[in-house]
Amino acid sequence: MVTGKPNYLFIMTDQHRADHLSCYGNKILKTPNIDSIALSGVTFDKFYVANSTCMPNRATLATGRMPSNTGVLSNGQPLPVDSNTFIHVLRQGGYRTALFGKSHLQNGYPHGVEDWNYPPYPNGEAPPEGYRDSNLTIRQGQEYDFERGDLWLSDPGRDVEAPYYGFEEVKFCNAHGDGTHGHYTGWVRSQCPEFDTLIGPKNAEPVDGIVNPIAWRTRVPEELYSTTFVEQMTTDFLEKQVNAEKPFFIQCSFNDPHHPFTPPGSYWGRHGPEDVELPASFGAEHNAPPPLQSNLKDAYARGERAEVRVEPHAVSERETREAIALTYDMITFVDDAIGRLLKRLDDLGLAENTVVVFTSDHGDLMGDHGLMLKHCFHTEGTIRVPFIWADPTMPERRNTRTDLLGGTLDIAATILGRAGLQPYHGMQGLDVVGHLNEGTEPGRHGMVLEEDEIPFNANCGQFLRTRSFVSGPWRLTYWLEDNFGELYNRDEDPHEIQNLWDDPGYSTQKAELMEKWMLERISLEDIAPRPIYCA
């Protein structure tokens, strides 16, 4: 039965480029179930992240605030527990809220990061412990340990204090590949006590010819894999909502296709490395590439390669083809799971009042310019993500597309807008679906991206601040510590090979874009807080 406030089934994938969907133009990969969401709604073709890594962009998604405002500019920095989120607002507005799958609003592991990863301090006596940062509240302790994998693996029966950033019900499945953990740990061990003997490259099925070091054929069967867990938890919750008095918001957050590349069971090998296309920029001669790009490729040419964890690295043609093919396999599994979820939603009679949304937290280099993974680089493959909005009460939007510029920053305000709830003071995103329906432009100059990176995460050798601006066909990026800029016209150079930053023929265009960037940056500065007392 259709009611005033819609339900939401908010589906996320992890590290998933927009062009790795058939509804976004991929000619090899078939994603019929995600495509069906696009057929039922509107697809945004120019949708960009605020940061090209997991934690910062997920924090932006939850809050509708830029990374510099959430204080989460790189992986390893949890979202402060006193942060307001759109999930809190939904809950206060009468919604049941649930999260199933990957969260990554807090750290998955207690990695220690040495001071050399950051800019050096000036000479002088250091402040005492507890006074060395700009905020006296340190983001650590029990309230920041809910997602730690080591604690879940040692105690699978532990739980989460709710509401967790606004979520009333939480079933974690964090991390990636066949090494996920959280509530998933207890779920999978209860069905398979010897589960730990199935995971990781040491326990993998032997496969001839695979050379990619972050790919293996896992022994975990499909029915025990993380994708199945996320689907089952979401289905169980949906079945409880049939006669519920409250509307619901479900964040259904799949762990794939994030590396390592471990599609399980029959999904392994559905796409052959020889059948996929190399990126057009893979072997191209890049004009004025970023220093880090040159450094990584030079190191690879010298035979130097550190153990890959999450950092960007240079790859061979064979490694790239394997990664793309296995990524397609992982996406196929997720697409099948989404198909079953959509059918169950319909069978339960919930589809007619449920807005279905599909997006990803960021993309992947996936062989662009001969590089893999992410961190630091703001190429189109890492910063452009899918965003599909299917609202059953908007038949005029069925199977439509839009070039309206938006991004992860806008998701919170857009969801609240459809629910008839005001954004809170300090939310910076816009209701892009509302603008689309009204036929109005959001009034922004472009999308701003912010990223701080440390060598521990990014293989970059030194602390790096990367800032980008996307406006029309243009992408500008500035690497502060390297004093290096990028400027690309993606209409004329879609693969971002010809860097125009120092080309005198584009000096006027660059100046105009820099001014727009500055104006947009000012508009995203934190607005003055609401005064407690005001004369």
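The values are calculated or read from the model by the stated rules, or taken from the named source; none is laboratory data. Owing to the predicted nature of the structure, the values given are computational and were not obtained by experimental measurement. Don't worry about glycine lacking a Cβ; one is built from the backbone with ideal geometry, like all the others, and counts go over all protein chains shown. Please note that ligands, DNA and RNA were not included when accessible areas were found on the heavy atoms of the full protein model with its side chains. Shrake-Rupley method; radii C 1.70, N 1.55, O 1.52, S 1.80 Å.
With the requirement that a residue be free of Cβ contacts under 8 Å to residues at least 40 places away in the same chain and of a type outside the set (A, V, I, L, M, F, W, C), what does the stretch 56-81 give you? Residue satisfying the conditions is Thr70 alone. No other residue among Asp346, Asp336, Asp298 is modelled with pLDDT under 95 and either part of a helix (DSSP H, G or I) or buried (at least 24 other Cβ atoms within 10 Å of the Cβ) (or both) apart from Asp298.
Assess whether Thr43 counts as being crowded, with 19+ Cβ neighbours inside 10 Å, closer than 28 Å to Gln241 by Cα, at pLDDT 95 or above and in contact with a Phe, Trp or Tyr (Cβ under 8 Å, 6 or more places away or on another chain). It is true that Thr43 is crowded, with 19+ Cβ neighbours inside 10 Å, closer than 28 Å to Gln241 by Cα, at pLDDT 95 or above and in contact with a Phe, Trp or Tyr (Cβ under 8 Å, 6 or more places away or on another chain).
For the stretch 79-117, the tally of residues that are among the basic types (Lys, Arg) and either open to solvent by less than 30 Å² (accessible area, probe 1.4 Å) or modelled with pLDDT under 95 (or both) stands at 1.
The set of residues from the stretch 172-198 being under 18 Å from Asp14 (Cβ atoms) and either open to solvent by 50 Å² or more (accessible area, probe 1.4 Å) or in contact with a Ser or Thr (Cβ under 7 Å, 6 or more places away or on another chain) (or both) comprises Phe172, Cys173, Asn174, Gly177, Asp178, Thr180, Tyr184.
Given the criteria closer than 21 Å to Ala288 by Cα and open to solvent by less than 90 Å² (accessible area, probe 1.4 Å), does Trp517 qualify? No; evaluated as a whole, the condition is false for this residue. Filtering the stretch 306-333 to residues that are surrounded by 14 or more Cβ atoms within 10 Å (Cβ to Cβ), assigned to a loop (DSSP other than H, G, I, E, B) and either in contact with a Pro (Cβ under 9 Å, 6 or more places away or on another chain) or among the β-branched types (Val, Ile, Thr) (or both) leaves Val308, Val310, Glu311, Val315. Screening the stretch 23-43 for residues that are assigned to a helix (DSSP H, G or I) and among the aliphatic types (A, V, I, L, M) and picking the one that is farthest from Glu396 (Cα to Cα) gives Ile34.
Scan the stretch 500-511 residue by residue and report those that are surrounded by 11 or more Cβ atoms within 10 Å (Cβ to Cβ) and either closer than 25 Å to Gly429 by Cβ or small (Gly, Ala, Ser) (or both). The answer is Ser507, and nothing else. Determine whether Ile497 is open to solvent by 10 Å² or more (accessible area, probe 1.4 Å), in contact (Cβ under 8 Å) with a residue 40 or more places away in the chain, in contact with a helix residue (DSSP H, G or I) (Cβ under 9 Å, 6 or more places away or on another chain) and among the β-branched types (Val, Ile, Thr). It is true that Ile497 is open to solvent by 10 Å² or more (accessible area, probe 1.4 Å), in contact (Cβ under 8 Å) with a residue 40 or more places away in the chain, in contact with a helix residue (DSSP H, G or I) (Cβ under 9 Å, 6 or more places away or on another chain) and among the β-branched types (Val, Ile, Thr). The set of residues in the stretch 82-126 being part of a helix (DSSP H, G or I) and in contact with a strand residue (DSSP E or B) (Cβ under 8 Å, 6 or more places away or on another chain) consists of Ile87, Leu90, Arg91. Within the stretch 500-513, track down each residue that is closer than 27 Å to Pro56 by Cβ and touching a residue at least 40 places away in the same chain (Cβ under 8 Å). Listed by number, the residues that qualify are Trp501, Leu513. Restricting the first member to the stretch 294-312 and to residues that are on the phi < 0 side of the Ramachandran plot, and the second to residues that are basic (Lys, Arg), the beta-carbon pairs closer than 9 Å and six or more apart or on different chains are Ala299/Arg305; Val310/Lys374; Glu311/Lys374; Pro312/Lys374. If you go through the stretch 237-271 and keep only what is closer than 30 Å to Ser316 by Cβ and either open to solvent by 10 Å² or more (accessible area, probe 1.4 Å) or among the β-branched types (Val, Ile, Thr) (or both), you end up with Pro260, Thr262, Gly265, Ser266, Tyr267, Trp268, Gly269, Arg270, His271.
Inside the stretch 1-22, can you point out the residues that are of a type outside the set (D, E, K, R), over 26 Å from Leu449 (Cα atoms), open to solvent by 10 Å² or more (accessible area, probe 1.4 Å) and part of a loop (DSSP other than H, G, I, E, B)? Hits for the stretch 1-22 are Met1, Val2, Thr3, Gly4. Remark: pairs (first residue in the stretch 446-468, of a type in the set (Gly, Ala, Ser); second residue part of a loop (DSSP other than H, G, I, E, B) and surrounded by fewer than 19 Cβ atoms within 10 Å (Cβ to Cβ); Cβ separation under 9 Å; 6+ apart in sequence or on different chains) = Gly446/Gly472. The set of residues in the stretch 139-163 that are over 25 Å from the mean Cα position of the chain (by Cα) and either open to solvent by less than 80 Å² (accessible area, probe 1.4 Å) or in contact (Cβ under 8 Å) with a residue 40 or more places away in the chain (or both) comprises Gly141, Asp155, Pro156, Gly157, Arg158.
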